[in-house]
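**Student:** Before we start, here is the structure in question, set down as structure tokens.
Readers should treat all values here as calculations from the given coordinates under stated rules, not as data from a laboratory. Note that the coordinates shown come from a computational prediction; the quantities given were computed from them, not determined experimentally. Don't worry about glycine lacking a Cβ; one is built from the backbone with ideal geometry, like all the others, and counts go over all protein chains shown.
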């Protein structure tokens, strides 16, 4: 089963919008075990959309065309599909009713243009719209193949594809093998370090042939270094079994640098640890300038455990607000004093401190990338590490953020003193 | 002159990477006045890359193929171009020398694979590489058309395209008209409000025909609402003159909601105002959780004027650390007390305060999107506004951030009390 994605929109060609929909669709198709060999982008031009759809249908079993379903004169995806099918557009009464209801419910007059959205190629089926009365999706049979038309607004696209397109594709694919993926997120080793830890196992998988699980690495900055496991099987149950077994093998080889699976972030992991232990948190930041705090408040329910933070960017703020002893501010002692100071000032159980050199210039005699991290839990002995982080200012800040939260994770697991591998450590 | 972009990489089709290169190239081509009617994406497969290049050459004068120039077996863009040209690959001695030098300089052994990067289709020219010894770009004539091969790493791509590809395209295009663009960034009115302010002028431009300047709008969240002016002319000097004249007209119609042009952010604008006035700044944040501070420290030289901030996420932190009087925390009084409190605590000239409801639930009886902003400059009367911001948690935080900095901008300009239009204000 092969499916092609066609993205429609002159604004995509002009670079006014980055096409995130094609990548999202690619991931969904890959996870569903459906091959995708090509992608196309075309502007809002009837002949070119028709040409792109015909080309896609010549080499794929199904086509997802994304965008151009709105109410304006520019939105001509429906017309192009009708041309490819060789049928006229006809008003769909159900869709028309829903559009009228939407405007009536808001007490607004409906611009005549909006009725364009109720036009459906003869023989096609409108997918009932997730947001009543907005651009509905279409399922359009073309011989024994199919064109799905989906809106370009990501939230509507996701809902229509998950709810209607993927299930329809699965039905058409019939006995397609199930392909299942899981991503392990790691922190504390470099990409080459990860590859080294897994080299022998990957060689074994390679020798076991094409039916064996596959592993891939992806560096994602503040999101960690990801290891993606992919397995194939004849059915869901076997796929789940195989992926569980492979995850266990990989976790045994990687140890505790694995901090989460799939969409879970480092913030979610430490949030859960703090919540389950009934601990509150405060953060003192220097070079990260509020980045750590702004990531933490993105976790739903953060107000249960996050007290707040101090961005002590100027050295005097460290001395006067956080009671840091005067001296060089890029040091382990300063990181610990910041963590202890913010913990006490904000009345939290746990304090974090981070100070360092984002670059491009050295500071206190330390080169760019030097970062001191500290965690203070209650009256326990403070935990501190020094890391050397690669990259420019923005990268150093991102990596400092996840490194600090990872130190908190390790400390709460009772593994203090266990420092990350993969960077030179003092 | 028409140019097509072909993006190569199986990871793009699988959605493991979002294709930002095609959008960037699209913008560069549009700015250079070169048409782009189609985009293609293919995986690391020789036949498919050849097919994509042949299709692109059949409908465009030039093709930029992006990615697949690295040293591994997967990197086969060179082979595909050679096949399209009908010529063999030959070692380029200059490129080979640079690769050898790079490894020698680092005292590292060169893996044999790396010599693949020195292979060039006969008749093609290697673009000298910006990072010596890494994937060089290629200029490959195909009849009277041309294929440019450029690396997929964005920084290398940008350098090679700006330095070699765009100039070569301009030479080939010959007497193409100069197309020049300028973006005005605005804050304080909605997209439809902007359209309304400019409606009559845009009608006039429309009637003046295709040679007249064109205007386009783009909403960019924390980056503001952008108005892009594009003009055409026979030469650079005339283009510059026309764009200056049009900018003046648009600025007259929009007034002081225009805060910057092109790449300048709101942070840069307030940084310059603070620096020129010799003022230092401190920020107290509640719902934005450090986002404002983390944006401010991205401005080069922020340490000259940014003292730091307090993230007073828990209400008690507002009361105990910032001396906010106890009471409902989503209020103008709290925003002002936060601004005054952080100004005094951190010893700054100017204090900012922001408190509100990010959602999804109401807080203190206020609906999601309610945000109070405050600016306190020295002993002046505090300035505060209440805005109602649209969108989910993340959008409300982003819009609160730029709204707060815009209030600072207006206050420093001596226009206090002048509140943003476009949202319901209390």
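**Student:** Round to the nearest 10 and give me the degree value, 0 to 90, for the angle of helix B:191-207's Cα axis relative to the longest principal axis of chain B.
**Tutor:** In chain B, helix B:191-207 runs at an angle near 50 degrees to the longest axis.
**Student:** Return the distance in nm (one decimal) between the two label points of a simple spin-label model at residue B:303 and residue A:115, each offset 7 Å from Cα along Cα→Cβ.
**Tutor:** 6.7 nm
**Student:** Partner chain Cβ atoms within 10 Å, averaged over the residues of A:282-293 - can you pull that number for me?
**Tutor:** Per residue, the average neighbour count from other chains is 6.
**Student:** What is the fewest-to-most order of B:259, A:319 by other Cβ atoms lying within 10 Å of their Cβ?
**Tutor:** On the way: B:259 22, A:319 18.
Taking fewest neighbouring Cβ atoms as first place, the list is A:319, B:259.
**Student:** Here's something else I'd like to know. Against the longest alpha carbon principal axis of chain B, how many degrees, from 0 to 90 and to the nearest 10, is the axis of helix B:46-59 turned?
**Tutor:** Taking Cα atoms only, the helix is inclined about 80 degrees.
**Student:** Further, regarding this structure: Once the Cβ-Cβ distance between residue A:326 and residue A:54 is put in as r, and R0 is 60 Å, what FRET efficiency do you end up with, to the nearest 0.05?
**Tutor:** On the way: r = 73 Å, r/R0 = 1.22.
E(calc), rounded to 0.05, equals 0.25.
**Student:** Using only Cα atoms, figure out Rg for region B:8-53 and give it as a multiple of 2.2 N^0.38 Å.
**Tutor:** Rg over 2.2 N^0.38 Å, computed on Cα atoms: 1.28.
**Student:** Another question about this same structure. Would you calculate the separation in nanometres between label points at residue B:275 and residue A:192, each defined as 7 Å from the Cα along the Cα-to-beta-carbon direction?
**Tutor:** According to this spin-label approximation, the distance is 3.8 nm.
**Student:** Let me know the shape class of region B:122-239, please: from the alpha-carbon gyration tensor, a ≥ b ≥ c as square roots of the eigenvalues, rounded when a/c is under 1.5, otherwise prolate if a/b is greater than b/c, or oblate.
**Tutor:** Oblate.
**Student:** Still on this structure, please answer the following. Among bridges DSSP assigns within chain B, what percent are antiparallel (round to 5)? Could the numbers behind the result be given before it?
**Tutor:** On the way: 43 of 68 bridges.
Approximately 65 percent, going by the DSSP bridge assignments.
**Student:** Only counting other Cβ atoms within 10 Å, I'd like B:318, A:248 sorted with the fewest neighbours first.
**Tutor:** Ordered by Cβ neighbours within 10 Å, fewest first: A:248, B:318.
**Student:** Right, here's the next one. What's the average, rounded to a whole number, of partner chain beta-carbon atoms within 10 Å of each residue's beta-carbon in A:312-324?
**Tutor:** Whole-number average of other-chain Cβ neighbours for A:312-324 is 4.
**Student:** Stokes-Einstein diffusion coefficient for region B:178-261 at 37 °C in a medium of 0.692 mPa s, Rh from the Kirkwood formula over Cα pairs: what value in µm²/s?
**Tutor:** It comes out at roughly 252 µm²/s.
**Student:** In addition: Starting from the eigenvalues of the Cα gyration tensor, five times each then square-rooted, give me the equivalent ellipsoid semi-axes of region A:1-121, largest first, whole Å.
**Tutor:** 28, 16, 15
**Student:** Distance from the Cα centre of region B:351-366 to that of region A:291-349, in angstrom?
**Tutor:** Each part reduced to its Cα centre gives a spacing of 23 Å.
**Student:** What residue of chain B sits with its beta carbon nearest the rotation axis taking B to A, and at what distance in whole Å?
**Tutor:** Its Cβ sits closest to the axis: B:290, 1.
**Student:** Now for a different question. Placing a label point 7 Å from Cα toward Cβ, how far apart in nm is residue A:212 from its equivalents in the other copies, listed shortest first to one decimal?
**Tutor:** Nearest to farthest, the other copies are at 6.8 nm.
**Student:** Using alpha carbons only, what's the Rg to Rh ratio of the protein assembly as shown with Rh from Kirkwood? List each step's numbers first, then the result.
**Tutor:** Numbers: Rg = 28.6 Å, Rh = 29.7 Å.
So for the protein assembly as shown, dividing Rg by the Kirkwood Rh gives 0.96.
**Student:** Using Cβ counts within 10 Å as a stand-in for footprinting exposure, how do A:306, A:217 rank, fewest first?
**Tutor:** Least crowded to most crowded, the residues run A:217, A:306.
**Student:** Please find the FRET efficiency linking residue B:220 to residue A:394, where r is the Cβ-Cβ separation and R0 is fixed at 22 Å, and quote it to the nearest 0.05.
**Tutor:** Computed FRET efficiency for residue B:220 and residue A:394: 0.75.
**Student:** So, one more: Would you calculate a helix-derived [θ] at 222 nm for chain B, using -39,500 (n - 2.57) for each DSSP H run of n ≥ 4 and dividing by the full residue count, to the nearest 500?
**Tutor:** Calculated from helices alone, the mean residue ellipticity at 222 nm is -12000 deg cm²/dmol.
**Student:** When a/c is below 1.5 the answer is rounded, else prolate if a/b is larger than b/c, else oblate, so apply that to chain B with a ≥ b ≥ c taken from the square roots of the Cα gyration tensor eigenvalues.
**Tutor:** The shape class here is prolate.
**Student:** Defining the label point at 7 Å along Cα→Cβ, can you sort the distances from residue B:86 to the same site in each other copy, shortest first, in nm?
**Tutor:** 3.6
**Student:** While we're on this one: Compute the long axis of helix B:93-105 from its Cα atoms, compare it with the longest principal axis of the Cα atoms of chain B, and write down the angle in degrees, 0 to 90, nearest 10.
**Tutor:** Helix B:93-105 and the main axis of chain B meet at about 50 degrees.
**Student:** Could you tell me whether region B:316-423 comes out rounded, prolate or oblate from its Cα gyration tensor? Rule is a ≥ b ≥ c as square roots of the eigenvalues, rounded for a/c under 1.5, then prolate if a/b exceeds b/c, otherwise oblate.
**Tutor:** In terms of gyration-tensor shape, oblate.
**Student:** Now, a different point. What gaps in nm, shortest first, separate residue A:276 from its twins in the other copies when you place the label 7 Å past Cα toward the beta carbon?
**Tutor:** 5.5
**Student:** Please give, to one decimal in nm, the separation of the simple spin-label points placed at residue B:199 and residue B:238, each 7 Å out from Cα toward the Cβ.
**Tutor:** In this crude spin-label approximation the distance works out to 3.4 nm.
**Student:** Could you work out how far the C-alpha centroid of region B:161-211 sits from that of region A:5-67, in angstrom?
**Tutor:** So the two Cα centres are separated by 27 Å.
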